[in-house]
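**Student:** Input: one structure, supplied below.
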Amino acid sequence: MVNMHIPFVNLSRFYSKHKEQILELTDNIGQSGAYILGDVVEEFERDFADFCGVNHAISVGNGTDALALSLTALNVGKGDEVIIPANSFISTAGAVIEAGATPICADVEKDQNISLESVKKAISKKTKAIIVVHLNGNPARIDEIIREFKNTNIKIIEDAAQSIGAEVKGKKTGSFGNCGCFSLHPLKNFHMFGDAGMVITNSFETAKKVKILRNHGLINRDTCEIFSRNSRLDALQASYGKYLLPYLDEWTDRVIEIAEYYNEQFIGYFYTPKTRPSTKSVFHNYVIQTSERNELSDFLKQRGIETKVHYPIPICHQPAWKKQSLPSAVIPIVERQKDEILSLPIYAELTDAEIEYIAKSVITFFNEKNLYREAV
């Protein structure tokens, strides 16, 4: 078998398919002289809200700002605790810190999504919010979590940074909680050509507050209602987003096709991503779990296949967490998974030949080591 070179992502291949339109859009914005917020941004926000099935979408500078500004808009701050999964990207915790609150780590289930039972154990009198992360584009049990806390004052924020287009019972992730937060970073399944983010909500008051918070806390050109940051989306990225959004379902269908092929090929070798009944995963990452993770990663690298680990260090084990003397957590499943999880390449631009090469290479590794076994 001749080695291929397959990067974990291939943004240049993505760009080449849309180059003509991107250059035209860039020129249009350049000629317009309107570079920050404005009509194009508002049009993109309306399109995004319609796609997610909500009343309001507010664009911001990035996904971390989306989380932090949502927390502030929901009056979460000093003295409050916010429960988060221990295995998310560090921005989930960082946003809580930025809002002035204290992050509390919870454990996860086999599918890497936050465990409702662990959340319930972490609840205290100080709990003001729960951030539910739909990790890897696979929906968490958001409907069950909403139902569990519907008669409380606890706010539910969805970190849907990796799950745009994912669904639970036909409803888009991000649309269940008080706010849904998205990152449109170039490594996300729907992305811009730079940093960008979005907050969605059905609350007019929350949307209004996020809009004020993203623009220095200004209610008009001269009057600052509350000191805040600059997190405005530029018109250039919005023009790209408006153009690209209609393609998202097509890309998602292709990625699901790739994931289904992987699942079929890997039956019996290790744990593969599972989608719960009545849910739709968009497979932002395709994460397997195997005790042979490190050896497999090295083997694939030798064959030209790049892999990643999302994420090797639990949030509550990060140096920054320890420096701030934040609470420890009991997270046995996260502890086990951190040594077993491995992300394989999965994106719409992969060719059939590349997908087959990846799958055959993985299977070759296990067969050569005589490690075929029934997955659990």
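**Student:** Sort out which residues of the stretch 150-173 are closer than 12 Å to V132 by Cα and of a type in the set (V, I, T), and write them in order of number.
**Tutor:** Within the stretch 150-173, I156, I157, T173 meet the criteria.
**Student:** Which residue is surrounded by the fewest Cβ atoms within 10 Å (Cβ to Cβ), if the candidates are limited to the stretch 290-303 and must be of a type outside the set (S, T, Y) and either under 19 Å from L187 (Cβ atoms) or touching a Leu at 6+ places or on another chain (Cβ under 9 Å) (or both)?
**Tutor:** In the first step, residues of the stretch 290-303 are kept if they are of a type outside the set (S, T, Y); the result is 292-296, 298-303.
Next cut, either under 19 Å from L187 (Cβ atoms) or touching a Leu at 6+ places or on another chain (Cβ under 9 Å) (or both) only: 292-294, 296, 300.
Working: E292: 17, R293: 20, N294: 13, L296: 22, L300: 21.
Looking at the filtered set, the residue picked out is N294.
**Student:** I'm trying to understand the selection: among the residues of the stretch 331-342, which are out of contact with any helix residue (DSSP H, G or I) (no Cβ under 8 Å at 6 or more places or on another chain) and either part of a loop (DSSP other than H, G, I, E, B) or in contact (Cβ under 8 Å) with a residue 60 or more places away in the chain (or both)?
**Tutor:** Selection gives P332, I333, V334, Q337, K338.
**Student:** While we're here: I want to confirm something. Restricting to the stretch 153-169 and keeping residues that are in contact with a Ser or Thr (Cβ under 9 Å, 6 or more places away or on another chain) and free of Cβ contacts under 8 Å to residues at least 40 places away in the same chain, which single residue is surrounded by the fewest Cβ atoms within 10 Å (Cβ to Cβ)?
**Tutor:** The residue in question is I154.
**Student:** Pick from the stretch 259-280 the residues that are part of a helix (DSSP H, G or I) and crowded, with 19+ Cβ neighbours inside 10 Å: which of them is nearest to the chain's Cα centre (by Cα)?
**Tutor:** Here the answer is A259.
**Student:** Is it true that some residue in the stretch 166-174 is in a helix (DSSP H, G or I) and over 18 Å from the mean Cα position of the chain (by Cα)?
**Tutor:** No; the residues of the stretch 166-174 include none that is in a helix (DSSP H, G or I) and over 18 Å from the mean Cα position of the chain (by Cα).
**Student:** Separate question: Looking at the stretch 304-323 only, could you name the residues that are surrounded by 13 or more Cβ atoms within 10 Å (Cβ to Cβ) and in contact with a strand residue (DSSP E or B) (Cβ under 9 Å, 6 or more places away or on another chain)?
**Tutor:** Within the stretch 304-323, G304, I305, E306, T307, K308, V309, H310, Y311, P314, I315, C316, W321 qualify.
Every residue, every condition in (1) farther than 26 Å from G30 by Cβ; (2) at pLDDT below 95, yes or no:
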residue: C224; (1), (2): yes, yes
residue: F227; (1), (2): yes, yes
residue: S239; (1), (2): no, no
residue: D253; (1), (2): yes, no
residue: I256; (1), (2): yes, no
residue: R276; (1), (2): yes, yes
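The values are calculated or read from the model by the stated rules, or taken from the named source; none is laboratory data. What you see is a predicted model, and the numbers here were worked out from it, not measured in a lab. Don't worry about glycine lacking a Cβ; one is built from the backbone with ideal geometry, like all the others, and counts go over all protein chains shown.
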